[in-house]
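The structure appears below as structure tokens.
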Amino acid sequence: MGCCTDRDDGPKRVVGEGGAGFCCTDILFAVLFVANLVPIFYLFYEFQSDTDIGAHLNSTFAKITSEELDDDIYLGLRAGGYGGLGAIAFVIIWIVLCRYMPTLLILLAQLLAILSCLVGAFVFIVYYEALEMTSTHGYMAGGLLLLLAVIVGLYLICIRKRIAFTAVILGSVAKVLMRTPELFLIKLVMGVIVLLYACIWAGSYLELMAQIDEYSFDNESQAYGYWALGNLYALLSLFWVQFTLLNVAFVTVCATVGAWYFSPGTFGRGCFCCRKPVWWGLLRALTCSFGSIAFGSLILALMRTIIVACQYLADKAQKSGGQVAALVCCCFICCLQCLEKCLTWLTEYAFVYVAVYGTGFCHSGLKVGALLAESGAQAIIQQTLLTPLMWMAGGLGLATGCLCGWGAHVEVGHEGLSDEARQVQLAIAIVCGGVVGYLVMALGTSTVEAGCKTLFVCFAEEPTALRDLAPELYATFSEAKPIKSKGTDKDKTDPLIAP
């Protein structure tokens, strides 16, 4: 649904020079998103006005003095700040490496994956007794990991041409991000807003549970139905807002990279935080395309809510001794998680069309289906090459954040504290630093991944846009396995060219 209908000749791109006008899409879901926030903020207002907040907290958590709580919060904030600063430095280094050594990074990530399989196989085969496993189970697990390492190695040999092609895309996206660092700022701001909303949501959740308990007490009955509905709504609201805000940043990145693809000559004009492609993309993501973003995010939020509910039921079944029910729930959860990953992958490609062509979410989904029918194998190959690289970067951010958290704990000191209190503060520092470091690095890697998906879609839809931009690189990558695009027969042999 939108404020105007699609043109007879199909959707046109809305980014870059000569881009078509755009209109609002999926307005209903934008309205529903705003309506979803009303009860959350109302409950938070009631929670904030409650003079007995400690009763809510102590009903769920262990007793803790206000002084100890203040110290732990201070240490957590310091550790998170150090972890964030350390991760930002590594994001910058990582982007530079992606720009100038993309092939090396891709191969390094793949080799680390193979090495991890080999190390895991060695541990299972040699130290199966320490893992409380039988020799048969240890040899089977080790053999499977060895087989996986061989398969990954053979897979890399078979797709060696696609490695070069993916490296070109990765290097091109890194170049765009180096010219528009405000994209990282937008991602960071959205991440901070998500964390602030999580705090508001936590207060609202405690108030909701308190009101349900009060209702049960007044009516002398257990309101299990209200409790279940309240928890489901709270989870859905949390995930929906979280996914929507992060996807706003995702669509902004896609719009910016798309503008570079179609207008590389005029792309970098303007100073920091004043570049037109970035802020036009952000403005459209927050206005005309916001309904489509909320629509796609709602689908992902529903799936995540169902998974969390099933995990809760599985835990309850296991605690009550229902092993069969727990096993069924676990199998069902595994299937749902696989489905969630597929939906996330497809939804991100749909958001690329939302950003570049201004279409609604359903129409974008149809475009993704047509794209994958023609170039699905190439898209999957590109994803398999980039995913280990993103994992490697996330692990680096986690390790950096934990190290910075430990440093914050050492800096603050622990004189006068008992051993138990010191261990608690150390755990808080490491966890806060690690979480923030991982999140900052994940924001950086997700920005790169969004750009790579955008270039894949742009080249598949309009492969001739960069034909004359860099003829030397065109000749270098002309032998790369082509994407089956929608252009002419000649267009179908053109690889992506990046300056």
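Residues that are aliphatic (A, V, I, L, M), under 24 Å from residue 373 (Cβ atoms), surrounded by 22 or more Cβ atoms within 10 Å (Cβ to Cβ) and modelled with pLDDT of 75 or more: does the stretch 441-452 have at least one? Before the answer, list the steps.
Taking the stretch 441-452 and keeping what is aliphatic (A, V, I, L, M), we get 441-443, 448, 450.
With the extra rule that they be under 24 Å from residue 373 (Cβ atoms), the set shrinks to 450.
Those still in the list that are surrounded by 22 or more Cβ atoms within 10 Å (Cβ to Cβ) too: 450.
Add one more test, that the residue is modelled with pLDDT of 75 or more, and what stays is 450.
Yes, the conditions are met somewhere in the stretch 441-452.
The selection criterion, being charged (D, E, K, R), assigned to a helix (DSSP H, G or I), surrounded by fewer than 16 Cβ atoms within 10 Å (Cβ to Cβ) and at pLDDT below 90, holds for residue 161.
Being in contact with a helix residue (DSSP H, G or I) (Cβ under 7 Å, 6 or more places away or on another chain) and of a type in the set (Asp, Glu) is a condition met by at least one residue of the stretch 347-369. For residue 248, the conditions (1) farther than 20 Å from residue 340 by Cα; (2) among the hydrophobic types (A, V, I, L, M, F, W, C); (3) modelled with pLDDT of 85 or more; (4) crowded, with 16+ Cβ neighbours inside 10 Å all hold with the exception of (1). Annotation note: of 109, 141, 121, the sole residue that is surrounded by 13 or more Cβ atoms within 10 Å (Cβ to Cβ), among the small types (Gly, Ala, Ser) and closer than 30 Å to residue 168 by Cβ is 109.
When residue 129 is tested against (1) in contact with a helix residue (DSSP H, G or I) (Cβ under 9 Å, 6 or more places away or on another chain); (2) assigned to a helix (DSSP H, G or I), only condition (2) is not met. Pairs please, first residue from the stretch 184-204 and farther than 13 Å from residue 238 by Cβ, second anywhere and assigned to a helix (DSSP H, G or I) and of a type outside the set (A, V, I, L, M), Cβ atoms under 8 Å, 6+ apart in sequence or on different chains. Partner pairs satisfying both residue conditions: 184/444; 184/447; 186/252; 187/444; 187/446; 187/447. Here 168, 150 are screened, and the one residue that is crowded, with 19+ Cβ neighbours inside 10 Å, among the β-branched types (Val, Ile, Thr) and out of contact with any helix residue (DSSP H, G or I) (no Cβ under 6 Å at 6 or more places or on another chain) is 168. Do the conditions hold for residue 202, that is, is it closer than 30 Å to residue 376 by Cα and of a type in the set (Gly, Ala, Ser)? Taking the combined requirement at face value, the residue does not satisfy it. Answer yes or no as to whether residue 117 is under 25 Å from residue 436 (Cα atoms), modelled with pLDDT of 90 or more, part of a helix (DSSP H, G or I) and not aliphatic (A, V, I, L, M). No; evaluated as a whole, the condition is false for this residue. Going by what's in this entry, would residue 205 be described as buried (at least 19 other Cβ atoms within 10 Å of the Cβ), out of contact with any His (no Cβ under 9 Å at 6 or more places or on another chain) and farther than 24 Å from residue 387 by Cβ? Yes. Annotation: residue 351 fulfils all but one of (1) in contact (Cβ under 8 Å) with a residue 60 or more places away in the chain; (2) over 19 Å from residue 29 (Cα atoms); (3) within 17 Å of the chain's Cα centre (by Cα); the unmet one is (2).
Do you know which residues across the stretch 438-452 are more than 15 Å from residue 351 (Cβ to Cβ), more than 9 Å from the chain's Cα centre (by Cα) and of a type in the set (A, V, I, L, M, F, W, C)? Within the stretch 438-452, 439, 440, 441, 448 qualify.
The values are calculated or read from the model by the stated rules, or taken from the named source; none is laboratory data. Keep in mind that what you see is a predicted model, and the values were worked out from it rather than measured. Quick reminder, even Gly has a Cβ in these numbers, built from the backbone with ideal geometry, and neighbours come from all protein chains shown.
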